[in-house]
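Colleague: Sharing a structure with you now.
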Amino acid sequence: MKLSIICPILKLTNDLHLLLHSLRCFIPKDYDYEVLIVTTDSDCSIIQSEYPEIRIIWEEIPRGVYAAMNMGIGQSKGDYLYFSGQDDHVLSGFTKLLETCIELELDYCVGSVFWGDSKIFYSTRSKYVLWFNNWCHQAIVYRRSLFDEQKYNENYRIQADHAINLCLRHNSKHRVKIIRSAVAWFSGAGLSSSNKDYIFWADVPRFATLYCRPIERSIVKFLHYLISSYSKMKNRNNINRITNK
């Protein structure tokens with residue numbers, strides 16, 4: 001068995017060294033793994049001598065994080081995949097996540113993450129909650145074969161992983177386990193933490209039609225309508241407050 005860690009980065013920073021060091025600490029010593037760095041930064045070649053497990057995939061023009069992740073998937077050699085940003089690092093719980101996924105022959109295994117300075121983000125077990133509160137991709141190990149017929153939708157700038165997770169979670173054939181262990185830390189300062197993917201959000205009712213049974217479909221669409229209505233009202237109030245100053 002082999003694990004491929006896919007890490008899209010824009011520019012080499014010291015954070016990448018912390019990520020690579022944490023992987024060495026918490027991936028079992030006898031486990032085969034590779035780190036695929038997808039980047040346009042030529043400075044990344046400097047660290048290959050220090051970390052021989054690295055393979056660098058060069059992008060001529062940055063096309064977004066999900067395009068980089070798709071490139072990594074296409075060139076990965078592992079049986080399992082893990083996605084990480086360069087300012088993330090794995091924790092001791094990652095060992096349990098990986099071993100659970102392999103020993104139980106799961107299609108994917110989901111853990112929890114430390115988010116920012118003090119908060120733990122626990123991954124939901126509820127299919128309903130997942131529609132509106134995605135799992136962090138830093139908390140998931142996927143079987144590589146899940147991506148043979150689907151890739152990240154590059155039209156979604158922020159929530160393409162959310163679309164993938166919804167598709168997987170609503171497929172009853174997949175073997176999955178959700179554990180409480182915190183498997184990674186990430187800063188919570190990235191694009192996905194403070195922005196909304198409006199293209200993905202507009203597609204949620206279509207996903208509900210594809211994946212849900214009639215009753216669940218109605219609930220998801222109704223909640224989507226309520227949240228959308230509230231967001232529009234909040235935006236109008238903010239605009240009125242600004243224009244009335």
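The values are calculated or read from the model by the stated rules, or taken from the named source; none is laboratory data. Owing to the predicted nature of the structure, the values given are computational and were not obtained by experimental measurement. Here the Cβ positions follow ideal geometry from the backbone for every residue, glycine too, while neighbour counts run over all protein chains shown. With ligands, DNA and RNA removed, areas are computed over all heavy atoms of the protein, side chains included. Shrake-Rupley method; radii C 1.70, N 1.55, O 1.52, S 1.80 Å.
Colleague: What number of residues within the range 82-132 are out of contact with any Phe, Trp or Tyr (no Cβ under 9 Å at 6 or more places or on another chain), part of a loop (DSSP other than H, G, I, E, B) and either farther than 26 Å from GLY64 by Cα or open to solvent by 60 Å² or more (accessible area, probe 1.4 Å) (or both)?
Modeller: Number satisfying all stated conditions: 9.
Colleague: So, one more: Hey, could you check the range 31-43 for residues that are in a loop (DSSP other than H, G, I, E, B) and of a type in the set (Ser, Thr, Tyr) and say which is most open to solvent (accessible area, probe 1.4 Å)? Please lay out each step first, then the result.
Modeller: Step one: list which residues in the range 31-43 are in a loop (DSSP other than H, G, I, E, B), which gives 31, 40-41.
From what is left, the residues that are of a type in the set (Ser, Thr, Tyr) are 31, 40.
Working: TYR31: 36, THR40: 56 Å².
Restricting to residues being in a loop (DSSP other than H, G, I, E, B) and of a type in the set (Ser, Thr, Tyr), the top hit is THR40.
Colleague: Right, something else. Looking for whichever is at pLDDT 95 or above, open to solvent by less than 10 Å² (accessible area, probe 1.4 Å) and under 27 Å from LYS221 (Cα atoms) here; the options are ASN165, ASN153. Which one fits? Before the answer, list the steps.
Modeller: Values: ASN153 fails: open to solvent by less than 10 Å² (accessible area, probe 1.4 Å).
It is ASN165.
Table: residues versus (1) outside any helix (DSSP H, G or I); (2) touching a residue at least 60 places away in the same chain (Cβ under 8 Å); (3) polar (S, T, N, Q); (4) open to solvent by less than 30 Å² (accessible area, probe 1.4 Å).
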| residue | (1), (2), (3), (4) |
| --- | --- |
| SER4 | yes, yes, yes, yes |
| LEU10 | yes, no, no, no |
| LYS29 | yes, no, no, no |
| SER45 | no, no, yes, no |
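Colleague: Can you work out which of the residues in the range 193-218 that are part of a helix (DSSP H, G or I) and open to solvent by 80 Å² or more (accessible area, probe 1.4 Å) is modelled with the lowest pLDDT?
Modeller: SER194
Colleague: Does ASP79 satisfy being in contact (Cβ under 8 Å) with a residue 12 or more places away in the chain and surrounded by 14 or more Cβ atoms within 10 Å (Cβ to Cβ)?
Modeller: yes
Colleague: Also, I was wondering about something else. Residue under question is ILE158, and the condition is that it be β-branched (Val, Ile, Thr) and either over 16 Å from the mean Cα position of the chain (by Cα) or within 21 Å of MET1 (Cβ to Cβ) (or both); does it hold?
Modeller: No: the conditions fail for ILE158.
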